[in-house]
Amino acid sequence: REVADMMKSGRFGIIFFGMGVTQSLSKNHNIDEAIALTKHLNEFTKFSIMPMRGHYNVTGSGEVFAWQFGFPYAVDLTRGFARYNPGDTSTIDLLVRGEVD
């Protein structure tokens, strides 16, 4: 319930999914449900859904971050320039501290 409320109250959200979502017993039904969730969330806020090639599109995001900022992940742009500080600015760190909406 708490996660659903957070998703509904954010200004914008996106559901990224990788190959593994279709590799379980439910196969394409997982995607059907994710699309239905996205449609429902759009009744409250702006939400989208995006497939990612490979496992979590690690290659794509790492390439873009390295190309644009010089670092493959944990890039912090809050000071107006790229800062790299794994253990403080990675996605997991931000989520654990509740610093994302």
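The values are calculated or read from the model by the stated rules, or taken from the named source; none is laboratory data. What you see is a predicted model, and the numbers here were worked out from it, not measured in a lab. Heads up, the Cβs are rebuilt from the backbone with ideal geometry, glycines too, and the neighbour counts pull from every protein chain shown.
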Would a scan of segment 27-41 turn up a residue that is surrounded by 12 or more Cβ atoms within 10 Å (Cβ to Cβ) and in a loop (DSSP other than H, G, I, E, B)?
no
Among the residues of segment 64-72, are any of a type in the set (A, V, I, L, M, F, W, C) and not in a helix (DSSP H, G or I)?
yes
Out of the residues in segment 57-84 meeting the condition of being of a type in the set (Ser, Thr, Tyr) and more than 28 Å from Gly20 (Cα to Cα), tell me which one is modelled with the highest pLDDT.
Tyr84
Between a residue in segment 1-25 that is polar (S, T, N, Q) and any residue that is part of a helix (DSSP H, G or I), which pairs come within a Cβ distance under 7 Å, given they are 6 or more apart or on different chains?
Thr22/Asn28; Thr22/Asn30; Thr22/Ile31; Ser24/Asn30
When you check Gly54 against the structure, is it at pLDDT 85 or above and at positive phi, yes or no?
no
Mind listing just one residue for me: the one in segment 56-86 that is touching a residue at least 12 places away in the same chain (Cβ under 8 Å) and small (Gly, Ala, Ser) and, of those, surrounded by the fewest Cβ atoms within 10 Å (Cβ to Cβ)?
Gly70
Do we have Ala36 as over 22 Å from Leu95 (Cβ atoms) and not polar (S, T, N, Q) here?
yes
Which one of Asp32, Asp76, Asp101, Asp5 is in contact with a helix residue (DSSP H, G or I) (Cβ under 8 Å, 6 or more places away or on another chain) and acidic (Asp, Glu)?
Asp101
